[in-house]
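To start, the structure under review is shown below, and the notes come after it.
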Amino acid sequence: QVQLVESGGGLVQAGASLSPSCVLSGGTFGRAALGWFRRAPGKEREFVSSISRGGGSTDYADSVKGRFTISRNNDKKTVFLQMNSLRPEDTAVYYCAARHTILSVPAQREFDYWGQGTQVTVSS
């Protein structure tokens, strides 16, 4: 059974950086496309970023483009989300997601497996 465990959230001031990470177990990490989503209080869950199985394709929501960077380390079975220039509107629970795909599929926005989330709070 695939399990995803996020860590690295926290409370920071506007303009600061955070780099949450997510470890995948119970599946084949090298076959998994990965993504990050977030849910702010009172709002629907929204897509943040994703990376293809091979790592050569990435996708970002317009709201985070240029500030966030997604990456993966297959040896450590970990996906990272480097978040710079954080804003109060980035405050949310951040969720990691995964889906097994074929190698040629580019970064996508639909996933099958989800983590429990890590809280990110940005104060003004």
Here are the criteria: (1) surrounded by 14 or more Cβ atoms within 10 Å (Cβ to Cβ); (2) without any contact (Cβ under 8 Å) to a residue 60 or more places away in the chain; (3) polar (S, T, N, Q). Tell me which single one S21 does not satisfy.
(2)
Being open to solvent by less than 40 Å² (accessible area, probe 1.4 Å), touching a residue at least 40 places away in the same chain (Cβ under 8 Å), farther than 16 Å from R38 by Cα and not β-branched (V, I, T): is that true of S85 here?
no
Yes/no for S49 being open to solvent by less than 40 Å² (accessible area, probe 1.4 Å), within 24 Å of S25 (Cβ to Cβ) and free of Cβ contacts under 8 Å to residues at least 40 places away in the same chain
yes
Take the stretch 1-35 and flag every residue that is among the β-branched types (V, I, T) and either at pLDDT 95 or above or in contact with a Leu (Cβ under 9 Å, 6 or more places away or on another chain) (or both).
V2, V5, V12, V23
Test G27 against the criterion of being more than 19 Å from Q108 (Cα to Cα), surrounded by 14 or more Cβ atoms within 10 Å (Cβ to Cβ), in contact (Cβ under 8 Å) with a residue 12 or more places away in the chain and in contact with a strand residue (DSSP E or B) (Cβ under 8 Å, 6 or more places away or on another chain), and give yes or no.
no
Applying the selection to the stretch 52-71, what residues are free of Cβ contacts under 8 Å to residues at least 40 places away in the same chain and either open to solvent by less than 60 Å² (accessible area, probe 1.4 Å) or of a type in the set (D, E) (or both)?
G55, Y60, A61, D62, S63, V64, R67, F68, I70, S71
Answer yes or no: is there a residue in the stretch 7-18 that is within 9 Å of the chain's Cα centre (by Cα), among the aliphatic types (A, V, I, L, M) and part of a strand (DSSP E or B).
no
Quick one: how many residues across the stretch 1-35 are polar (S, T, N, Q) and touching a helix residue (DSSP H, G or I) at 6+ places or on another chain (Cβ under 7 Å)?
0
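The values are calculated or read from the model by the stated rules, or taken from the named source; none is laboratory data. Quantities reported herein were computed from a predicted structural model and do not represent experimental measurements. Positions of Cβ are backbone-derived with ideal geometry, glycine not excepted, and every protein chain shown enters the neighbour counts. Surface accessibility is based on the protein's heavy atoms, side chains included, excluding ligands, DNA and RNA. Shrake-Rupley method; radii C 1.70, N 1.55, O 1.52, S 1.80 Å.
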